[in-house]
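The values are calculated or read from the model by the stated rules, or taken from the named source; none is laboratory data. Worth saying up front: this structure is predicted, and the values here are computed from it rather than measured. Using ideal geometry, Cβ is built from the backbone for each residue, glycine included, and neighbour counts are taken over all protein chains shown. Remember, those area values only see protein heavy atoms, side chains included, never the ligands or the DNA or RNA. Shrake-Rupley method; radii C 1.70, N 1.55, O 1.52, S 1.80 Å.
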Amino acid sequence: MSIVFRLPDLGEGLTESEIVSWKVAEGDQVALNQVIAEVETAKAVVDLPSPYAGTIRRLHAAEGDTVEVGAPLVEYEPAAPGTDPAAPAAAPASEARAHEDEPDTEQQPEPGSQPEPERVPVLVGSVAVAGEKRAVRAPRTFPQPPFVREDRSAARAYPPVRRLAKERGIDLAAVVATGEGGVVTRADLDRAVRGPAAAPGPRREKATGLRRQTAKTMTAALTVPQAACFLQVDVTETLRLVRDLADEQGAPTLLSLVARAVVLAVPRTPGVNAAYLPETDEIEFRPAVNLGIAVAADRGLLVASVDDAGRLDAGALAAAIARCAAEARAGTIGMAALTSATLTLSNVGVFGVDGGIPLLAPGQSAIIALGAVRRMPWEHEGGVALRDVLTVTVTFDHRVVDGREASGFLRDVGRMLERPGLALARG
Amino acid sequence: MTEETLAPETLAPETLAPETLTLGAAIGRALGDALDADPDVVLLGEDIGRLGGVFRVTDGLQAHFGADRVIDTPLAEAAIVGTAVGMAYRGARPVVEIQFDGFVFPALDQVVAQVARLHYRTRGRVRMPLTIRMPYGGGIGSVEHHAESPEAYFAHTPGIRVVTASSAQEAYSTLRAAIASDDPVLFLEPKARYWAKGEVDVDATADLDTARVLVPGRDATLAVYGPLVQTALDAAAAAREEGIEIEVIDLRSISPLDVDAVVASVERTGRLVVAHEAPAEASVSSELVACVAERAFAALEAPPERVTGYDTPYPPSALEQHYLPGLDRILDAVDRALGRRSSRSLPAGGAR
């Protein structure tokens, strides 16, 4: 049994068409809708699909022939009944399968490769593609490495930010995005570098210079067995003296008057101006008070010495303290003045605190701290009055002096500050 | 029976299995069903009546519905569309056929200056439920003016929908929606696909403004419409052999563009390739790439790629296969979008 397929009416009202090319040869098996020929009408070259599945028995025209509409075109041996008409033919003519879509597809598909069924399983709707040309890529003329799918980061960022992240070695996915639509911004990268704002990590910086020196000195200081005692002193009279003398040349200050009291008290308790020498188990008593003044400079803590402070009156002491403090802050002070102190005075009251327990400087047996002057309700002449009160603390080397002596020294200083006239008797 | 002689009408819709139609026949079925369903529907066009259309799309309709509903017009596109405007004013629902893409330009004035703005001009009092059917696209070996893709001219014009179809079912459902719509619609028919067969469910409906993901994929988004949809599906199948998953989106509507759908896809894939037969300059791909850059810039892993006709007049048919985006050019663009080697990385003058 055979079937003759006659040239159908292809449109445009034409009565004949030219066979441009055959896509099949006699003896080929064809699938339903497989393109069997290109035919030309007045306006177009069109592909002619096969209306049957089967074997081509005879082609009734040659390429270039003009065929009347309705004239025999192809004679088929139909496929066996029950054959799925949409199934591709078992052995399609390979020369009919070349792409016409592609200019660059002179090459045939790889020899031996069977065309896939022309029904792509992912299609939706009813796009039946039976009879379509096979989707085969032309062989590349250059080597192409295999495709490797890279996991896409869920992070979103504009290209300059991505580049910045790459340069800084930051994983965008690990950055908290604050931009609109969850986009990582430059500021987000900066924050990522600094670490999470909520829990700032420790920051380390190298201890150098004076900081390092202070660390060493204070560590050494703690090797000295030391104790402290303190005294609250009504300094109202001393401050009155400061005010009374304020207009004079070389006026004293509270600090210089305290220093004066310290210097005057030392001879009654020489152990506070001494040093313990552990190598020889000796105590060295100093002949003069080189009064160290603790100075908080920008670069750290310095102790500048006013050597032989006993030779200076309160006014001269004020000037000497101011001068060495200024030199210490400016960094112009000499090394000798930074190492020669025998007894140190630290005015921590300038920082607004009531007092503190200072640590001994190596080679000294005592250090005195002054707190801030407070206006306080205070017993005065049998009643309570607002008085100016200062806390004085002394830390002492317990190898050199005991609490009794240190307290005696502190009381001597305190009394002179409460009653400055005592200094007349001692000075 | 030793020999069965087949009538010339072998390929006509009536003799195919009931549910399987060519795209062209599906359009004819949609027109017939619309004429049947709505007495206001009237067809106008050159050679659509007695001849049945140069592509046989309207074959038999005049004989069935009469010459006052399937009207043969003079060869005068401006007059055809202008007549349809007047008929729409009087309550008709005209469906106009422009015989070929390259012949639409005389009608451009009517479309741009009247059809697209009457609703606006009359503050909504006058609707223009006009459908303009037009075969477009190349690849059929035709002479000049018969293979062009002028969709961008119309997409640029506010007030008119521009849609296309890629399969028989799409053609049927979308054309029915276009005719039913009270908006003017330019319905573009991919003429190279007129003979592509597919199952058609005449009860299935379609809208006029959404894109459709035909193939899901993780690696790149390939947005196409009309005649290149099949090429894109082929490209996706070929790429899959290399392990590359291309997500194929049939835009369906050219104006308005379903940017949401493409943006959602690009958010998944990070890469975009747009292909169409029309030249690239000021084209549908220009608009789509711009919209995606505005909306999904941070999601893009690579610059968007375009595969289009060249910025030349449509070439003589002997050269058209070099002009039209094909499977290899599309896959080359996918390779570029994926950061792989492509033909462009070859030295100038090298083999391609």
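A few comments on the model shown:
- Whichever residue in region B:259-284 is under 21 Å from the mean Cα position of the chain (by Cα) and acidic (Asp, Glu) and, among such residues, is surrounded by the most Cβ atoms within 10 Å (Cβ to Cβ): B:Glu277
- Subset of region B:141-158 [within 12 Å of chain A (Cβ to nearest Cβ) and touching a residue at least 60 places away in the same chain (Cβ under 8 Å)]: B:Gly141, B:Ser142, B:Val143, B:Glu144, B:Ala147
- Among residues of region B:103-140, those that are open to solvent by less than 40 Å² (accessible area, probe 1.4 Å), among the hydrophobic types (A, V, I, L, M, F, W, C) and within 14 Å of chain A (Cβ to nearest Cβ), counted: 1
- Any strands (runs of 3 or more DSSP E) falling wholly within region A:354-427 and containing at least 3 residues that are polar (S, T, N, Q): A:383-397
- B:Thr231 farther than 22 Å from B:Leu108 by Cα, under 12 Å from the mean Cα position of the chain (by Cα) and either in a helix (DSSP H, G or I) or away from every other protein chain (no Cβ under 14 Å) (or both): no
- Members of region A:151-170 that are assigned to a loop (DSSP other than H, G, I, E, B), more than 9 Å from chain B (Cβ to nearest Cβ) and free of Cβ contacts under 8 Å to residues at least 12 places away in the same chain: A:Asp151, A:Gly169
- Among the residues listed as A:Ala220, A:Ala314, A:Ala259, A:Ala246, the single one being in contact with a helix residue (DSSP H, G or I) (Cβ under 9 Å, 6 or more places away or on another chain), among the small types (Gly, Ala, Ser) and either farther than 21 Å from A:Gly363 by Cα or open to solvent by 20 Å² or more (accessible area, probe 1.4 Å) (or both): A:Ala314
- Residue satisfying condition, being within 21 Å of B:Ala152 (Cβ to Cβ) and either free of Cβ contacts under 8 Å to residues at least 60 places away in the same chain or away from chain A (no Cβ under 12 Å) (or both), within set B:Ala278, B:Ala264, B:Ala237: B:Ala278
- Only one entry of A:Val400, A:Val384, A:Val353 meets the criterion of being on the phi < 0 side of the Ramachandran plot and either surrounded by 13 or more Cβ atoms within 10 Å (Cβ to Cβ) or touching a residue at least 40 places away in the same chain (Cβ under 8 Å) (or both), and that entry is A:Val400.
- B:Gly82 assigned to a helix (DSSP H, G or I) and open to solvent by 10 Å² or more (accessible area, probe 1.4 Å): yes
- Selection count where residues are open to solvent by 10 Å² or more (accessible area, probe 1.4 Å) and in a helix (DSSP H, G or I), scope region B:299-327: 6
- Selection of region B:85-102 for residues being open to solvent by less than 40 Å² (accessible area, probe 1.4 Å) and assigned to a helix (DSSP H, G or I) yields B:Val85, B:Gly86, B:Ala88, B:Asp101, B:Gly102.
- Output for region B:156-184, where each listed residue is in contact with a Leu (Cβ under 8 Å, 6 or more places away or on another chain), assigned to a helix (DSSP H, G or I) and of a type in the set (Ser, Thr, Tyr): B:Tyr172, B:Thr174
- The lone criterion from (1) among the aliphatic types (A, V, I, L, M); (2) closer than 19 Å to B:Ala261 by Cα; (3) open to solvent by 10 Å² or more (accessible area, probe 1.4 Å) left unmet by B:Ala237 is number (2).
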